[in-house]
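Down below is the structure, laid out as structure tokens.
Taken together, the values in this text are just the output of simple stated rules run on the coordinates, not laboratory data. Just so it is clear, the structure is predicted and the values come from calculations on it, not from any experiment. All Cβ positions, glycine included, derive from the backbone under ideal geometry; neighbour counts span all protein chains shown.
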Amino acid sequence: MPLYEHVFIARQDLSNAQAEGLIEHFGTVLGDNGGKLVDSEYWGVKTMAYKINKNRKGHYAFLKTDAPATAVQEMERLMRLHDDVMRVMTIKVDAHEEGPSVQMQKKDDRGDRRERR
């Protein structure tokens, strides 16, 4: 099955538990349609570059999935219909990277960046 990575932004007035509940909800949607949630990360509340629906901040979540295209389409459709989800981005990847994403890594662990002057 194809591998996908999804990032979605939920409204800022949700609690952390509700935002993490959205991750579980969309994981079960994938499971019901023949897919599998490989890994998920809750990135927390972050400030956005511009306002979306009069919100300056949002709950960010990252999902790694192994699912057929029909399951991903159904999950995206339900995300777009959900009132708490403001934005969704899905990318098809060749392979999932091991370990935490760049957002979850400490700055000291990111050794591949050059020095600033």
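Here are a few things to note about the model shown:
- MRE, 222 nm, helices only [DSSP H, n ≥ 4, -39500 (n - 2.57), over the chain, to nearest 500]: -8500 deg cm²/dmol
- Residues listed by number, the stretch 1-45, amide nitrogen under 14 Å from Ile91 label point at 7 Å toward C-beta: 3-8
- Relative contact order (%) - the chain, alpha-carbon pairs under 8 angstrom, separation at least six: 38 percent
- Proximal lysines to Lys106, defined as alpha-carbon separation beneath 22 angstrom and excluding residues fewer than eight positions away on the same chain: Lys46, Lys57, Lys64
- The dipole here belongs to the chain: it is taken about the Cα centre, uses +1 on the Cβ of Lys and Arg and -1 on the Cβ of Asp and Glu, and is about 900 debye.
- Sites Lys54 and Met104 - FRET efficiency at Förster radius 30 Å, r taken between beta-carbons, to 0.05: 0.60
- The stretch 1-59: relative contact order in percent, alpha carbon pairs under 8 Å with at least 6 residues between: 41 percent
- Residue-wise HN-Hα coupling along the stretch 38-53, computed from phi with Karplus coefficients 6.51, -1.76, 1.60 (Hz; x: Gly, Pro): 6, 7, 9, 9, 9, 8, x, 8, 10, 7, 8, 6, 8, 6, 10, 6
- Along principal axes, Cα extents of the stretch 40-95, largest first, whole Å: 34, 24, 15
- Unit Cα scatterers, Debye sum, the chain: log10 I(q)/I(0) for q = 0.15 Å⁻¹: -0.70
- Full extension of the chain segment joining Ser40 with Gln73 gains 10.1 nm, where the gain is 0.36 nm per residue of separation less the Cα-Cα distance.
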